[in-house]
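Accompanying notes for the structure given below.
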């Protein structure tokens, strides 16, 4: 008997359409009868399954510490497979995972930061081996350096923070401490154990320790190719990714329960992770036809409009940690003058810019008034209120105060040079094209000329003259990403002197000793409150310096079938599956 | 014929070599596989970039990289049934390219084989009918239909098909048609092999219709024109004058000769299709050769792009060779020459 029940659908599936197409029902009935007999698919015996449609490139490796595994799709799969002691909450802060650890505290002892962590006594790896202090200490050691000569591993993406750990001490199997180098406290220490979604999973010593640093490095360099899944004993979250549940041809990964997980079990039986690409029409139709139940595509106007029309689905817009901004290149003699940069900032009507671009996505869109903290992040404050409204009078008075005179073409001339600037940005990005055009229209009447230079070379290396690294721009429009690790911003905003003469990501080449000092204090703060306080003070200084101008956060869009509950967006790198153990069928 | 085939084969090897050299050199000169890491935050260290450059061989001269790639390209393993093995190196994530291409090729083949067969049958039937009845209502109807299909952008036609399929699913309150993927996502976790095969067949319906109709539309025009030309040929009039019945004239002398131009077009198109029906794959979310190329280009991955080029070129060359051999079968004059 081949007849098998067809896939289950929500009660309201196709209700209205069915009435509208009543005339063709006999034909359809014949087709569907045949198909129902033939269709032997969709007969999933377990009904508590959610299929997530991933829009980003399918990962080729599941180990998040190397380049091949450090992609969004891997982070989405592994978010609750390779847990850490902390998780990134939607308010862009680290939150302690009490299933993993029972306490974590940082104190200053004789100028050195000491962190003490107590592990949950119930915590075990998926092969039943207990998670111990040795695993945490091994995790610290394995990432302490990228230099093989020092026992490090060059394939690792980063050693930031780990390289500041001076020593560690195992108190017992479930308690340990680690100490940072004197005067090099690390405010973002929680990020060292923030799980796969924070690119800092806990490494199981009995899996990773191959006997020598080189052998360990070789193992990590190879990582976990996607077709092989994750080896036994390396997972500590509520879900598992096993070889048997990965289909590379179809680019699907099925998350199944971790039978050894000691915390609350996931409410769904399985989560199927399917790579469906980012094509708008594909996403909408896959949802509409119930081939996927949840998607997190790149926001586009037509896509959001179509998603909102889907019956039986919830579509929500949030504003994520990525934000658009302008970099002013201080190597340009005119942009080296602070008043010129400030005049440009006063001349840009940021609320109008947001209205013309992001308001189409959501009426919650707003300008961003901080470079280090985003609007949905704990501690955010608008430090740039003075620039919230366009002030053409102030812009022109600043320029005329410098002795600038308007030329016959209406553009100010300063020191014999007209104030004509190029905004360099990525090519093929309509949102950025629109942004540049609006800025151009806003600055033209003030007497500042703008042209767009959209190029693929913007993120290339120094050998490409138009790249950020080569400094081949006047102004540059691109995005930075905020996050809970505030110290990650130092390479952008600290002067070249403070970075040992290298530019890091300070493409403006601007610098302010006071800001440098505040950013250093921020990075070495021993509490989150102090870190935020220093961040806001540094940002106030950066508003005054105006080396960069933040514009707005980029939106994220989440759409899911209403038959599920517990789904909510986390627009940080933790992504929409951040709490997938709480997903349930209504 | 054998000498002719060998000569063509040897020529093809040189064509492949030249293609690989130019594509490799151009890609290696233009691409920066590490570009994606340059805007990362916090920035990657100089040691990281140096290690990546070493690992990917980017620190070596271009010609040396090409020679290294070429010298490992082919391996003979006479202990295996498939004694010729290709090695296209590793991609930017250090994964072997050959197994990935094999997987992608299998997916693409599944999509295009049925579509090609359907398209050839459609082209033969409608092309010959259209040619035989040229300027008659049926020819006009077929002509209009084919021009409409030729004019339709692939993505738009596929989107329309999907829209219609979803409407039918709605009406039937059953998901009869599938718009996404080559099988129901995750079915391998619970389905029997029979269930999976049936599911895969159902997932083939829309892509096959889409690809077959759009591919056949051009071929129908070739077949029609060729049929019309052959029907005017002297030898056909002679056959008729000798009293051979019209259906026999058409079958034995007309269609056979009219097939030659179609064989060329089909061989060229089919060879290229193995490189991936890029748009159809994207619209129906089949992870085949077309998608592989897209990703390789996006990642600025030299070895992957060249690997794809080589596989595609091999298919184009092989199908051209097949076309040449088929000429000989269809037209004895080619054999004699």
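Before moving on, here are some points about what is shown:
- Residue A:196 within 14 Å of chain B (Cβ to nearest Cβ) and either buried (at least 21 other Cβ atoms within 10 Å of the Cβ) or within 23 Å of the chain's Cα centre (by Cα) (or both): no
- Residues that are surrounded by fewer than 21 Cβ atoms within 10 Å (Cβ to Cβ) and under 23 Å from residue B:274 (Cα atoms), drawn from segment B:117-150: B:117, B:118, B:120, B:121, B:122, B:124, B:149, B:150
- Residue satisfying all of: in segment B:66-97; in a helix (DSSP H, G or I) and touching a residue at least 40 places away in the same chain (Cβ under 8 Å); farthest from the other protein chains (Cβ to nearest Cβ) among these: B:70
- When the criteria are applied in full, residue A:182 meets the requirement of being in a loop (DSSP other than H, G, I, E, B), away from every other protein chain (no Cβ under 14 Å) and in contact with a strand residue (DSSP E or B) (Cβ under 8 Å, 6 or more places away or on another chain).
- Taking the numbered list (1) in contact with a strand residue (DSSP E or B) (Cβ under 6 Å, 6 or more places away or on another chain); (2) within 22 Å of residue A:533 (Cα to Cα); (3) more than 11 Å from chain B (Cβ to nearest Cβ) in turn, residue A:481 passes all entries but (3).
- Residues of segment A:554-566 satisfying the condition of being at pLDDT 95 or above and crowded, with 23+ Cβ neighbours inside 10 Å: A:559, A:560
Here's the yes/no breakdown for (1) out of contact with any helix residue (DSSP H, G or I) (no Cβ under 9 Å at 6 or more places or on another chain); (2) at pLDDT below 95; (3) within 24 Å of residue A:437 (Cβ to Cβ):
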residue	(1), (2), (3)
A:335	no, no, yes
A:344	no, no, yes
A:358	no, yes, yes
A:376	yes, yes, no
A:381	no, no, no
A:396	no, no, yes
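- The condition (being more than 30 Å from residue A:50 (Cβ to Cβ), more than 14 Å from chain A (Cβ to nearest Cβ), crowded, with 24+ Cβ neighbours inside 10 Å and over 14 Å from the mean Cα position of the chain (by Cα)) is satisfied by just one residue among B:240, B:224: B:224.
- Scanning segment A:331-356 for residues that are within 15 Å of residue A:415 (Cβ to Cβ) and outside any helix (DSSP H, G or I) yields a count of 6.
- Looking across segment B:162-207, just one residue is more than 7 Å from chain A (Cβ to nearest Cβ), in a loop (DSSP other than H, G, I, E, B) and either free of Cβ contacts under 8 Å to residues at least 24 places away in the same chain or in contact with a strand residue (DSSP E or B) (Cβ under 7 Å, 6 or more places away or on another chain) (or both), and that is B:192.
- Residue A:114 meets the conditions (1) crowded, with 18+ Cβ neighbours inside 10 Å; (2) within 15 Å of residue A:202 (Cβ to Cβ); (3) modelled with pLDDT of 95 or more; (4) assigned by TED's automatic domain parsing to the domain that holds residue A:163 in every case but one. The failed one is (2).
- Scan segment A:91-111 for residues that are surrounded by fewer than 19 Cβ atoms within 10 Å (Cβ to Cβ) and closer than 27 Å to residue A:230 by Cα and the total you get is 4.
- All conditions in (1) modelled with pLDDT of 80 or more; (2) outside any helix (DSSP H, G or I); (3) within 14 Å of another protein chain (Cβ to nearest Cβ); (4) farther than 30 Å from residue A:493 by Cα hold for residue B:54, with the sole exception of (2).
- Selection status of residue A:575, outside any helix (DSSP H, G or I), touching a residue at least 40 places away in the same chain (Cβ under 8 Å), outside the structural domain of residue A:457 (by TED's automatic domain parsing) and touching a helix residue (DSSP H, G or I) at 6+ places or on another chain (Cβ under 8 Å): yes
- In segment A:470-517, the residues that are in contact with a helix residue (DSSP H, G or I) (Cβ under 7 Å, 6 or more places away or on another chain) and without any contact (Cβ under 8 Å) to a residue 60 or more places away in the chain: A:490, A:494, A:495, A:498, A:499, A:504, A:505, A:506, A:512, A:514, A:515
- Enumeration of residues in segment A:276-289 that are at the interface with chain B (Cβ under 7 Å from one of its Cβ atoms), outside any loop (DSSP other than H, G, I, E, B) and in contact with a strand residue (DSSP E or B) (Cβ under 8 Å, 6 or more places away or on another chain): A:286
- For segment A:427-466, a residue qualifies if it is in contact (Cβ under 8 Å) with a residue 60 or more places away in the chain and assigned to a helix (DSSP H, G or I), and the qualifying residues are A:431, A:432, A:434, A:435, A:438, A:439, A:442, A:443.
- Annotation: residue A:306 fulfils all but one of (1) touching a helix residue (DSSP H, G or I) at 6+ places or on another chain (Cβ under 8 Å); (2) modelled with pLDDT under 95; (3) away from every other protein chain (no Cβ under 12 Å); the unmet one is (3).
- Within segment B:260-289, residues that are touching a residue at least 40 places away in the same chain (Cβ under 8 Å) have Cβ atoms under 8 Å from residues that are outside any helix (DSSP H, G or I) and surrounded by fewer than 21 Cβ atoms within 10 Å (Cβ to Cβ) in these pairs: B:260/B:331; B:282/A:279; B:283/A:279; B:287/A:249, counting only partners at least 6 apart in sequence or on another chain.
- Within segment A:228-252, considering residues that are over 24 Å from residue A:264 (Cα atoms) and assigned to a helix (DSSP H, G or I), the one nearest to the other protein chains (Cβ to nearest Cβ): A:244
The values are calculated or read from the model by the stated rules, or taken from the named source; none is laboratory data. The model shown is predicted, which means the values in this text are computed figures rather than measured ones. Positions of Cβ are backbone-derived with ideal geometry, glycine not excepted, and every protein chain shown enters the neighbour counts.
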